[in-house]
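Read the figures in this text as sums done on the coordinates, not as results from a lab. Keep in mind that this is a model prediction, so the values were computed, not measured. All Cβ positions, glycine included, derive from the backbone under ideal geometry; neighbour counts span all protein chains shown.
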Amino acid sequence: MTFGRPCEFDSRQALETATRVFWDQGYQGTSLEDLCTAMDLNKSSFYQAFGRKSELFQRCLENYRDTSTDLLRAKLDQAASGRRFIEEVFEGVAGGTKNQMGRAGCMLINTASEFAQRDPRISALVTRALERIEDLFYAAVCRAQAEGDIPRSSDARSLASFLTANLGGLKGLARAGASPEKMRAIVQVIMNGLK
């Protein structure tokens, strides 16, 4: 005998919805009731589909990581140049403060701040996700060097780490409520650091 709502809902859409809730409110700030309400599920159906809250959170982090890196990879493939890709990523963060999700910061950085080193599984997931982002910046820097827009004498891996750290910092400022004007001024400094 099965109890609760049948699993007829769109599990992919439910995962996207839960990701947005966790991203906006954090793990501790999100209750099971918040998730069930957002996903339009009762508790029985929630447990049947996703298990515990912690299991869903990990799936949401993986979903955020995959979606974010896939989007960045597509942008890099379509960018006019490696340097232009980097600029567009940072300009997007600065301009994104006008909408709610842009002001929510980066789910990975938010999670790193919330969990610190308390959960080795989550810490490892965040670390690997940031490494993926750094690898995309590394590819962009190498491309920009080949195109003559970044000096070949600069260490590409160090610049990729610099960009990843600044991306996290800029998204943290967005979450803290920094103005678009302030963010754009910071982006200009970051881009000047690539000369």
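Worth a mention:
- For Ile150, the residues 5 or more places off, or on other chains, whose built amide H falls under 5 Å of its own are Gln145.
- Cα-Cα pairs of the range 140-195 separated by more than 16 Å (percent): 45
- Packing around the peptides 68-81, 19-32, taken as the average count of other Cβ atoms within 10 Å per residue, puts them in this order, highest first: 19-32, 68-81.
- With a Förster radius of 45 Å applied to the beta-carbon distance between Ser54 and Ser158, the computed FRET efficiency rounds to 0.80.
- Taking every alpha-carbon pair under 8 Å whose residues sit at least 6 apart, the chain reaches a relative contact order of 24 percent.
- Segment Glu114-Met191, length gained on full extension (0.36 nm per residue, minus Cα span): 24.8 nm
- Near Ile109: Cβ cut-off under 15 Å, other residues only, Lys/Arg at +1 and Asp/Glu at -1. The net charge is +2.
- Taking the square roots of 5 times each eigenvalue of the Cα gyration tensor of the chain, largest first, gives ellipsoid semi-axes of 36, 17, 15 Å.
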